[in-house]
Amino acid sequence: MPRSYIIDDAMRKRFLLDREALVSAAVLQEEMAKIFAKCWIYVGHSSELKKPNDFVTRKVAGRPVIFNRDARGDIHCFLNTCRHRGAIVCTEREGSRRSFRCVYHGWAYRNDGVLGIVPGAEAYKGEFDTKELGLKAPARFESYRDFWFLNLDAHAPGLQDYLGRARDYIDLVLDQSPSGCMEIVAGTQEYDVAANWKLMVENSVDDYHLPSTHATWLNYMANSGVKIERPSDGRVLPTKGLAVDLGNGHFTTDNINFRGRPVAAWIPIYGEAAKPEMEQIRRELVERLGPERARRVADTNRNLIIFPNLVINDGSSVTVRTFFPDGPAKMHVTAWALGPVEESEAARARRLDAFLTFYGPGGFATPDDVEALELVQQGLANWQDDRWTEMSRGMGREDEQLNSDEHHLRIFWRRWNQMMDAV
Amino acid sequence: MPEVTRAEVEDLLYREAALLDEWRLDEWLALLTEDAAYYVPPNDHPEGDHHNTLFILADDIVRIRERVKRLMSPDCHAEYPHSRTRRLIGNVRILAVEGDLITAAANFICHRYRRYERIREYTGAYRYILKRGDSGLKIRERRVFIDAQELGSLGSLSFIL
Ligand code: FES
Ligand SMILES: [Fe+2]
């Protein structure tokens, strides 16, 4: 019997979330079927596969997959399981291979998935047909501007439609590259958080927490010479930011920048020597995009959520971050840095350094996010006696919704609730 | 100058381990040169260069000092209360000596306890570049290679490893 996990009361301007959604193993099981097996889930970026025959392996929505290029350079995604009796066929994390050979009985698959070798194939007398036994691909596998997603539901709408208006913001991020192409930089950050995966969705866009959770980061910025205005006009943040609904459960923050951006917003941490190149980067933006769009690229920042679990943080640097549940109270996070393909060595180094000022397990901010989420999860052990999470902030605000409101969190939870109810 | 001995290197590393375990971070800073750096490369590219590879952590001396400030603040939520750490250092080797610079390696096990009885354990190797001066050996670079295939199970690297 379908049930609702939210109380969404427009009249009373109250939004409450049933904490069971964050602690229950049964909910997680349902999520795997109703969300992770129905939505477009991020797999990887074309730039991770530079040459024909390159591959990486990873787990996507709990499924081990191979993300690779075949000998012709076409990109594929295969379920990393042998069609014979199920073993993982590619055991390496990354590399270059023309074929994947299962170690168990030696079936070997070409990197376009075709089953090439079956030792002792003459023993099969019946309907056995190697043509039907190529590596299985997920039901759907599509890309938007080099971001590849899979969908386990053959009847899902196409990726373009699914992304909808979120594409405008992906485009805006990619506009920082003169050619419109950005690449994943070498080096993966991985960390576990002892918290429900949905808390990371909330945290990735919740700017309300910044002054409290990230006080030491703000301090670091101030010590390094970044001018941080005192919030005014009833705001909790130094500059104004919005929360924007992009449809289909996607949403983003859209903020006036105060923190420095490798794409042409200099702060003292970058060093005096960086100034001429950063001015050049900005001139290129203005020439290519016009002053208005250039300002959007360089002087605003955003944290974009593609429902359910892809985050693109275009802030102190650009992060591509995805995370999967490993039990109701644990998630595994993977994060990469994204940079323009034509970036100079100096600009790339600056981008990576800027990344580490804030993001990642050793950054000046992320560890405190992790701490906050883990504290939430620990507190939720009381869920049966303190059942409802309060998420009404900004509700009923007449004009724009702020990044420090909870409008965008409600967008997520409404969508999530709807998908969980769907039979 | 007489040759540097392993015992001298060990003394420095043991002293550093004690200062870090006891959170005497200002005294720890005094073990570093004015141009010191601290790196933790990502596990999938341990030999990468932080100029073109995303590290877990890549601090110059300015950021090391800022990190210490952060770590000593009660607003550093990930380390307030502080983790209790206990590190064991062994297999210390001098790898190379060039002028006043000494490259040394060591293995470590670091146990970490935090409130609510969480226990985490880090194993790996240190690689140091030490500099010899009038006041003895100082640390010019410390690089931490974590053995775990993925940092995943280890969570944040919020303290100084
Ligand atoms: S399970 Fe792969 S060849 Fe038998
Ligand atoms: Fe945060």
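The values are calculated or read from the model by the stated rules, or taken from the named source; none is laboratory data. Bear in mind that the values here come from a model prediction, so they are computed numbers and not experimental data. Virtual Cβ from ideal backbone geometry, glycine too; neighbours counted across all protein chains shown. Only protein heavy atoms, including side chains, enter the accessible area calculation; ligands, DNA and RNA are left aside. Shrake-Rupley method; radii C 1.70, N 1.55, O 1.52, S 1.80 Å.
Identification of strands (runs of 3 or more DSSP E) wholly contained in region B:69-161 with 2 or more residues that are without any contact (Cβ under 8 Å) to a residue 24 or more places away in the chain yields B:84-98, B:101-114, B:118-133. Of the residues making up region A:396-418, at least one is in the same structural domain as A:Arg259 (by TED's automatic domain parsing), away from ligand 1 (no atom under 16 Å from the Cβ), touching an Asp or Glu at 6+ places or on another chain (Cβ under 8 Å) and without any contact (Cβ under 8 Å) to a residue 24 or more places away in the chain.
For region B:26-61, the candidate set comprises residues that are open to solvent by 40 Å² or more (accessible area, probe 1.4 Å) and either closer than 17 Å to A:Thr188 by Cβ or within 8 Å of another protein chain (Cβ to nearest Cβ) (or both); within that set, the residue that is farthest from the chain's Cα centre (by Cα) is B:Asn52. Counting only residues that are open to solvent by 20 Å² or more (accessible area, probe 1.4 Å) and within 25 Å of the chain's Cα centre (by Cα), region A:214-231 holds 2 of them. Report, by residue number, each residue of region A:80-102 that is closer than 15 Å to A:Pro64 by Cβ, touching a residue at least 12 places away in the same chain (Cβ under 8 Å), within 13 Å of ligand 1 (Cβ to nearest atom) and not aromatic (Phe, Trp, Tyr). Those that are closer than 15 Å to A:Pro64 by Cβ, touching a residue at least 12 places away in the same chain (Cβ under 8 Å), within 13 Å of ligand 1 (Cβ to nearest atom) and not aromatic (Phe, Trp, Tyr): A:Asn80, A:Thr81, A:Cys82, A:Arg83, A:Ala87, A:Ile88, A:Val89, A:Cys90, A:Thr91, A:Cys102.
Quickly run through region A:366-379 and pick out the residues that are crowded, with 23+ Cβ neighbours inside 10 Å and of a type in the set (A, V, I, L, M). If the condition is that a residue be crowded, with 23+ Cβ neighbours inside 10 Å and of a type in the set (A, V, I, L, M), then A:Val370 is the only one that fits.
Looking only at region A:270-302, residues that are open to solvent by 30 Å² or more (accessible area, probe 1.4 Å) and under 24 Å from A:Leu163 (Cα atoms) come to 3 in all. Looking only at residues in region A:183-198 that are open to solvent by 10 Å² or more (accessible area, probe 1.4 Å) and not hydroxyl-bearing (Ser, Thr, Tyr), the one that is nearest to A:His332 (Cα to Cα) is A:Asp192. Screening the candidates A:Cys77, A:Cys82 for the property of being part of a loop (DSSP other than H, G, I, E, B) and surrounded by 18 or more Cβ atoms within 10 Å (Cβ to Cβ) yields one hit, A:Cys82. Every condition in (1) open to solvent by less than 20 Å² (accessible area, probe 1.4 Å); (2) out of contact with any helix residue (DSSP H, G or I) (no Cβ under 7 Å at 6 or more places or on another chain); (3) not in a helix (DSSP H, G or I) is met by A:Ala337 except one, and the failing one is (2). When restricted to residues that are in contact with a Phe, Trp or Tyr (Cβ under 7 Å, 6 or more places away or on another chain) and under 15 Å from B:Tyr126 (Cβ atoms), region B:1-48 contains 7. Among the residues of region A:317-341, those that are farther than 18 Å from B:Thr53 by Cβ and within 14 Å of another protein chain (Cβ to nearest Cβ) comprise A:Thr322, A:Phe323, A:Phe324, A:Pro325, A:Asp326, A:Gly327, A:Ala329, A:Lys330, A:Met331, A:His332, A:Val333.
Okay, residues lined up against (1) within 16 Å of ligand 2 (Cβ to nearest atom); (2) open to solvent by less than 70 Å² (accessible area, probe 1.4 Å); (3) hydrophobic (A, V, I, L, M, F, W, C):
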{"position": "A:Ser46", "(1), (2), (3)": "no, yes, no"}
{"position": "A:Asn53", "(1), (2), (3)": "no, yes, no"}
{"position": "A:Val56", "(1), (2), (3)": "no, yes, yes"}
{"position": "A:Pro64", "(1), (2), (3)": "no, yes, no"}
{"position": "A:Val89", "(1), (2), (3)": "no, yes, yes"}
{"position": "A:Arg110", "(1), (2), (3)": "no, no, no"}
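Listed here are the residues, each with its yes/no results for (1) within 18 Å of A:Arg351 (Cβ to Cβ); (2) modelled with pLDDT under 95; (3) not polar (S, T, N, Q).
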residue: A:Thr213; (1), (2), (3): no, no, no
residue: A:Arg293; (1), (2), (3): no, no, yes
residue: A:Ser316; (1), (2), (3): yes, yes, no
residue: A:Val320; (1), (2), (3): yes, no, yes
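Checking each residue in region A:342-360 for being among the charged types (D, E, K, R) and either at the interface with chain B (Cβ under 7 Å from one of its Cβ atoms) or more than 22 Å from A:Arg145 (Cβ to Cβ) (or both) picks out A:Glu345, A:Arg348, A:Arg350, A:Asp353.
Looking at region A:116-145, which of its residues are open to solvent by 20 Å² or more (accessible area, probe 1.4 Å), out of contact with any Cys (no Cβ under 7 Å at 6 or more places or on another chain) and within 29 Å of A:Lys34 (Cβ to Cβ)? Within region A:116-145, A:Lys136, A:Ala139, A:Arg140, A:Glu142, A:Ser143, A:Tyr144, A:Arg145 meet the criteria.
Checking A:Ser404, A:Ser316 one by one, the residue that is touching a Leu at 6+ places or on another chain (Cβ under 7 Å) and part of a loop (DSSP other than H, G, I, E, B) is A:Ser404 and no other. Report yes if some residue within region B:86-101 is in contact with a helix residue (DSSP H, G or I) (Cβ under 9 Å, 6 or more places away or on another chain) and crowded, with 20+ Cβ neighbours inside 10 Å; otherwise report no. No, that holds for no residue. Screening region A:115-142 for residues that are hydrophobic (A, V, I, L, M, F, W, C) and in contact with a strand residue (DSSP E or B) (Cβ under 9 Å, 6 or more places away or on another chain) and picking the one that is nearest to ligand 1 (Cβ to nearest atom) gives A:Val118. Restricted to helices (runs of 4 or more DSSP H) entirely inside region A:128-220, those with at least 1 residues that are within 16 Å of ligand 2 (Cβ to nearest atom) and at negative phi are A:197-205, A:210-213. Checked across region A:367-376, the condition of being more than 19 Å from the chain's Cα centre (by Cα), in a helix (DSSP H, G or I) and away from chain B (no Cβ under 11 Å) holds for at least one residue.
From the list A:Ala194, A:Ala186, the one residue that fits, being aliphatic (A, V, I, L, M), more than 16 Å from ligand 1 (Cβ to nearest atom) and under 28 Å from B:Val68 (Cβ atoms), is A:Ala194.
Of all residues in region A:93-104, at least one satisfies being within 14 Å of another protein chain (Cβ to nearest Cβ) and touching a Ser or Thr at 6+ places or on another chain (Cβ under 8 Å).
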